[in-house]
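Presented below is the structure to which this report refers.
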Amino acid sequence: MSVNELGGYGRFQYHNNQLHCEDVPLAQLAAAEGTPLYVYSQATILDNARAYLKQAGNKALVCYAVKANGNPTILRLLAEAGLGADVTSGGELFLSRHAGFAPDKIIYSGVGKLRHEIEAALEANIRALHVESEMELAQIAAIATERQQIARIGVRVNPDIPVETHPYISTGAAQHKFGVSPETAVSLLHTAAQHPWLQPVGLAAHIGSQIQALEPFAASANFLVSLADELSAGGIRLEYLDVGGGLGVAYESEKWAVKSEKIGAWVNTVSQPVRRAGYRLVMEPGRSIVAEAGVLLTQVIYTKTQGAKQFAIVDAAMNDLLRPTLYGAYHEILPVQVRRTSEVRRTYDVVGPICETGDFLAKDRVLPPLAPGDLLAITHVGAYGFAMSSNYNGRLRPAELLIDGSQTHRIRQRQTYQHLIDTLPQAESNL
Ligand code: LLP
């Protein structure tokens, strides 16, 4: 397959042999900002967010999973579009409030909420804390009592539904740390109903991430409805059912498809049983809103042949994009400028400068012949890309740009060496 046949996708298309994000050539951005560099298409993010809102209708609440991409400008965009936020730490709660999400559209999930995080959630008066253990409910009850403040409680139930995805991101089977068993969920919600400072409002499930099939989501939604109906028969009428997130994206070019149609089908699948039973629908999508909106631009530093292998050593690494290393994840790589379409393509391992064999961005990837200075775009990295970046090997976190038509907004500065010492105590940083 030639590079031209591969082509771009969505709002990342070739014009005059140059890959663009919306109306801006990516090479121009790399020249101005340096690499590695995250570049996001604003229109793509908004299209996906609106596909959720449109299909879900006014009554449903779409809580964007902040962990997928917590850039403050992107969060503000989503808050302004009308989404809520699903947060998983005090830091994400802080970011969500900073971005202007309405408190009654914020829910808080996570197995290990700390006292100060619970206090901050109550202080902010968010919609609900989603409880994941008996001890946690007791802790929230104690804090709510101290504060003489009603804490709204959802319980995350583990529906024990197996899914096809990477084992690290499958979350809804009984052996996983997440949620509680159906029996415990019922008992926790009864405990909450009897407590003067707790109010049971919801039931939540999240079966995993990067799931392509719709059936497990239908099973999860139906499971929530039957448990909620059981609770209702026992005198507890919940306000909402939260079906979580988890809709997968097509990372491989053969599977690239129209995302908004997939989102519509997913929302239909989860909403039908919930609506029919008369509950409000809450959902927590992350990846499916932002993944396809982002590329990571990187530049080839050197190439070398070692044994049977050809390596392209690039200036991005596992600290910038951890998914290939951590999950063996596949991300398509596109040349930013197509110069030599007639040349025979070669097979490369695309690797970073970090001192680990696991530091690779792609293995055995067929690309046009590469030379130092060539720019590559690693695609579909808007979710869990920058979000999982680190300073490993003394490397600086990259800049992030948001493209809106022909306009470029720098939404995060590239770190400087100063960042590597700026959290040290005063005496140490003067060394
Ligand atoms: N709600 C909860 C409670 C979650 O734990 C997650 C993701 C989501 C919602 C959003 O799921 P999504 O729609 O994004 O699939 N770092 C991994 C993904 C970890 C997902 C963790 N939980 C990756 O790069 O594939």
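The values are calculated or read from the model by the stated rules, or taken from the named source; none is laboratory data. Since this is a predicted model, take the numbers as computed values, not measurements. So basically every Cβ, Gly included, is an ideal-geometry build from the backbone, and we count neighbours across all protein chains shown. Heads up: the accessible areas ignore ligands, DNA and RNA and are worked out on the full protein's heavy atoms, side chains in. Shrake-Rupley method; radii C 1.70, N 1.55, O 1.52, S 1.80 Å.
Sort the following peptides by mean Cβ neighbour count (other Cβ atoms within 10 Å, averaged over residues), highest first: 412-424, 170-182, 41-53.
For the peptides 412-424, 170-182, 41-53, the packing ranking is 41-53, 170-182, 412-424.
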Response to the item:
If one compares the long axis through the Cα atoms of helix 115-124 with the longest principal axis of the Cα atoms of the chain, the angle in degrees, nearest 10, works out at 80 degrees
Discussion item. Under the 0.36 nm per residue contour assumption, what length would be gained going from the current alpha-carbon distance of residue 27 and residue 166 to full extension?
Written reply: 46.7 nm
Item to complete: Pop out the carbon and sulfur fraction of the accessible area of the chain as a percent, whole number, probe 1.4 Å.
Response: 51 percent
Worksheet item: Once the Cα atoms of helix 72-81 and of the chain are each reduced to a long axis, what angle between those two axes, in degrees from 0 to 90 to the nearest 10, is obtained?
Response: 60 degrees
Fill in: 4 °C / 1.567 mPa s Stokes-Einstein diffusion coefficient of the chain, Kirkwood radius on C-alpha pairs, µm²/s
57 µm²/s
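Accessible area per residue for the chain in Å², computed with a 1.4 Å probe and the full protein assembly in place, what is it?
That works out to 42 Å² per residue.
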Item to complete: Whole Å is fine, so just give me how far the alpha carbon centre of the stretch 76-116 lies from that of the stretch 239-283.
Response: 20 Å
Worksheet item: How much mean residue ellipticity at 222 nm does the chain get from its helices, if each DSSP H run of length 4 or more adds -39500 (n - 2.57) and you divide by all residues, to the nearest 500 deg cm²/dmol?
Response: -9000 deg cm²/dmol
Worksheet entry | Relative contact order for the stretch 109-285, counting Cα pairs under 8 Å that sit 6 or more residues apart, in percent | 19 percent
Worksheet item: What residue among 339, 11, 365 shows peak mean-square fluctuation when the chain is described by a Gaussian network model with Cα springs under 10 Å?
Response: 339
Worksheet item: Hey, in the GNM for the chain with a 10 angstrom Cα cutoff, which one of 278, 328, 307 fluctuates hardest?
Response: 307
Response to the item:
Listed residues 114, 137, 122; largest mean-square fluctuation, Gaussian network over the chain with Cα springs below 10 Å, found at 114
Response to the item:
Note, the stretch 37-46: 3J(HN,Hα) by Karplus (6.51, -1.76, 1.60, θ = phi - 60°), whole Hz, Gly/Pro = x, goes 8, 8, 10, 10, 9, 5, 4, 5, 4, 5
Worksheet item: For helix 215-233, what angle does its Cα long axis make with the longest principal axis of the chain, in degrees from 0 to 90 and rounded to 10?
Response: 20 degrees
Item to complete: Only Lys, Arg, Asp and Glu count, each charged at its Cβ (+1, +1, -1, -1), so figure out the dipole size of the chain about its Cα centre, rounded to 20 debye.
Response: 500 debye
Worksheet item: Taking the Cβ-Cβ separation of residue 15 and residue 176 as r and a Förster radius of 45 Å, what is the calculated FRET efficiency to the nearest 0.05?
Response: 0.50
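Relative contact order of the chain, please, whole-number percent, based on alpha carbon pairs below 8 angstrom and at least 6 residues apart.
19 percent
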Discussion item. Starting from the 7 Å offset along Cα-to-Cβ, what nm value, one decimal, do you get for the label separation of residue 406 and residue 214?
Written reply: 4.1 nm
Worksheet item: Given the chain, what percent of its DSSP beta bridges are antiparallel, to the nearest 5?
Response: 50 percent
Discussion item. Taking a virtual spin label 7 Å from the Cα of residue 392 along the C-beta vector, which residues in the stretch 325-359 bring their backbone nitrogen under 13 Å of it?
Written reply: 325-329, 352-359
Worksheet item: Which lysines, on any chain, are close to residue 113 with Cα under 21 Å apart, when same-chain ones fewer than 8 places away are left out?
Response: 67, 105, 177
Response to the item:
For the stretch 38-178 (alpha-carbon point model, no solvent) the Debye-based log₁₀ I(q)/I(0) at q = 0.11, 0.13 Å⁻¹ works out to -0.46, -0.64
